[in-house]
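Trainee: Here it is, the structure in full.
The values are calculated or read from the model by the stated rules, or taken from the named source; none is laboratory data. Every value quoted in this text rests on a predicted model; they were computed, and no experiment measured them. All Cβ positions, glycine included, derive from the backbone under ideal geometry; neighbour counts span all protein chains shown.
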Amino acid sequence: MIAANLRAPITSLGPVLDQVQQYFALSAAAAGFLNALPLLMFASASPLAPWLTRRFGLEQALFGALCLIAVGCLIRSSGTFTELWVGTLLIGGGIATANVLIVPLVKRDFPSHAALCIGLYAATMALMAALASGLSAPLSSLTDYTWKVSLGVWFVLAFVAIVCWLPHLRHAQGRVAAPAPRAAKSVWGSAIAWQVSMFMALQTVTFYTLIDWYPAMANSVGIGASESGLHLLAYQAVAVVANLSTSVAIKRLKDQRLLGFVCSLAITVGMAGLVWAPSLSLVWLLIAGGGAGMSMVTCLTLFGLRVRDHHQASSLSAMAQCVGYGLGSAGPFLAGWLHSIFGTWQVSLWMLLAAAGLQIFFAVMAGRNRFIE
C-alpha cells in the first residue's frame, strides 16, 4: 500500500497538465517546473529521511510521509494557485521520505526475502504509476471539476494506506529504538556508495528523459501521438514484468555484476536502436523497458545488500536517491536544451546512449560483493 502511493500522485499530473496550465494561466516554463518539482524534491528531501528515523522511529516517519502525501493530494486539487504549489511540495516531500525508508524497513523486517519484497514494491509502484497516467484524463471528463478530480482522487489511496499502517504504528509506540551504531565513516566517503549512487543516477536519466520526451522524439520520425503513447505504455508495462523477474534472479546470484551488466546493456541496445533504426522504436523501447525495470530493482536491492544493518541502509538509500534523482532530473532538461540548440533529437539520443554505456561500468562496479565499512 505504501508503494502504491509513491508514483501515482505524480504521474496523474502529466495527462491533465494542459488543463492545469490553462486554469492558472501558467507559462510553459512554469508548467514544466511544476511537473519536475516532485523529482527535485526527491533529491533535496531524501537526506532528511535518516534523521527522521533516528528522531521519531521508522514507523512514525513512514506514517508522517503518508500523511504528507494524503494532505498534499487534497491541497493540490483545491483550485488555488498557492495551494497547487504547496500541495505539490508536500507530495514530493512525503514520497521522497517514503522512497528512502522502504529499503531499511525491508532490510530490518524481511532480511531473508529482501529481493522479493523490493521486487513487489517496485512492480506495485510501476503498475500504479501506469494506471494513474492512464486514468487521469478519463477521470477529468467525468465531472465539472475536471483536473481537480484527477489529482484529488489519490487522497483516497493514501488514506487507505494510512489506515493499514496504523496497527504497525501502535505496535511501534512501545518500542525503544536501538541507537544507530557509530559508523567508521559517512557513506558519502565510500567508493561503493558512489558506485551505487551513479548506477541509480544514470538509469534515472534515461528513464525520465524517455518518459518526458519520447512522444516528441517519435513525432520527429513520423510516429503519431496515439502510437507513441502506446509505445510508452508498453515501455512501462514490460518494466513491471522485469521488476518481478529480477527479484527472483537476485536471490540465485552470488553477486549482482552480471545482472547489472545485462540490464545496463539492454538499455544501451535500446538507445542505440532509437538512434540508428527509429522505425523499430517499439522493439527498442521493449528492450530498454526490460532493462529499466531490472535496473530499478537491482538499485533498490543494492541499498540493502551493500550494508550491514538497516541504519546504514537508510543512509545509503538517502545518498543514492539524492544523487540519483538530483542528476537524473538534469536528463530531461539537457535533452530539451540540446534539441533547442541543434534542432534535432539525435544529439539528445546520443546523450542517452552515452549515459547507458557509462551505466554499464558503474552497474558492474556496484554489483561486486562489497560492504560499506
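Trainee: When you check Thr97 against the structure, is it assigned to a helix (DSSP H, G or I), polar (S, T, N, Q) and over 27 Å from Ala292 (Cβ atoms), yes or no? Lay out the reasoning, then the answer.
Mentor: Values: assigned to a helix (DSSP H, G or I): yes; polar (S, T, N, Q): yes; over 27 Å from Ala292 (Cβ atoms): no.
Spelling it out, it is not the case that Thr97 is assigned to a helix (DSSP H, G or I), polar (S, T, N, Q) and over 27 Å from Ala292 (Cβ atoms).
Trainee: Given the options Thr268, Thr301, name the one that is surrounded by fewer than 24 Cβ atoms within 10 Å (Cβ to Cβ) and of a type in the set (Ser, Thr, Tyr).
Mentor: Just a single option satisfies the conditions, and that option is Thr268.
Trainee: Further question on the same structure: Keeping to the stretch 272-311, report how many residues are part of a helix (DSSP H, G or I) and either under 22 Å from the mean Cα position of the chain (by Cα) or not assigned by TED's automatic domain parsing to the domain that holds Ala201 (or both).
Mentor: 24
Trainee: Considering each residue of the stretch 242-278, count those that are modelled with pLDDT of 85 or more, touching a Gly at 6+ places or on another chain (Cβ under 7 Å), closer than 18 Å to Ala115 by Cα and not acidic (Asp, Glu), and give that number.
Mentor: Total satisfying the criteria: 8.
Trainee: Would you mind finding the one in Ala49, Ala61, Ala36 that is touching a residue at least 40 places away in the same chain (Cβ under 8 Å), over 19 Å from the mean Cα position of the chain (by Cα) and under 24 Å from Met319 (Cβ atoms)?
Mentor: That would be Ala61, the only listed residue that is touching a residue at least 40 places away in the same chain (Cβ under 8 Å), over 19 Å from the mean Cα position of the chain (by Cα) and under 24 Å from Met319 (Cβ atoms).
Trainee: A further question on this structure: So for the stretch 313-321 (the condition being in a helix (DSSP H, G or I), of a type outside the set (Ser, Thr, Tyr), free of Cβ contacts under 8 Å to residues at least 60 places away in the same chain and crowded, with 22+ Cβ neighbours inside 10 Å), does at least one residue qualify?
Mentor: no
Trainee: Related question: Could you list, ordered by first residue, the pairs with Cβ atoms under 9 Å in which the first is in the stretch 1-13 and closer than 12 Å to Thr88 by Cβ and the second is not in a helix (DSSP H, G or I), at least 6 apart or interchain?
Mentor: Ser12/Val153
Trainee: In addition: So which helices (runs of 4 or more DSSP H) stay within the stretch 109-176 end to end and still have 1 or more residues that are closer than 30 Å to Asp255 by Cβ and not assigned by TED's automatic domain parsing to the domain that holds Ile250?
Mentor: 114-140
Trainee: So, in the stretch 117-144, of the ones that are without any contact (Cβ under 8 Å) to a residue 40 or more places away in the chain and out of contact with any helix residue (DSSP H, G or I) (no Cβ under 6 Å at 6 or more places or on another chain), which residue ends up surrounded by the fewest Cβ atoms within 10 Å (Cβ to Cβ)?
Mentor: Asp144
Trainee: Moving to a separate point now. Are any of the residues in the stretch 96-108 over 25 Å from Met198 (Cβ atoms), outside the structural domain of Leu300 (by TED's automatic domain parsing) and either of a type in the set (D, E, K, R) or surrounded by fewer than 18 Cβ atoms within 10 Å (Cβ to Cβ) (or both)?
Mentor: Yes; the residues of the stretch 96-108 include at least one that is over 25 Å from Met198 (Cβ atoms), outside the structural domain of Leu300 (by TED's automatic domain parsing) and either of a type in the set (D, E, K, R) or surrounded by fewer than 18 Cβ atoms within 10 Å (Cβ to Cβ) (or both).
Trainee: Filter the stretch 224-271 down to residues that are outside any helix (DSSP H, G or I) and hydrophobic (A, V, I, L, M, F, W, C), then give me how many there are.
Mentor: Of the residues in the stretch 224-271, 1 are outside any helix (DSSP H, G or I) and hydrophobic (A, V, I, L, M, F, W, C).
Trainee: With the structure loaded, tell me whether Lys107 is more than 22 Å from the chain's Cα centre (by Cα) and of a type in the set (Lys, Arg) or whether it fails that test.
Mentor: no
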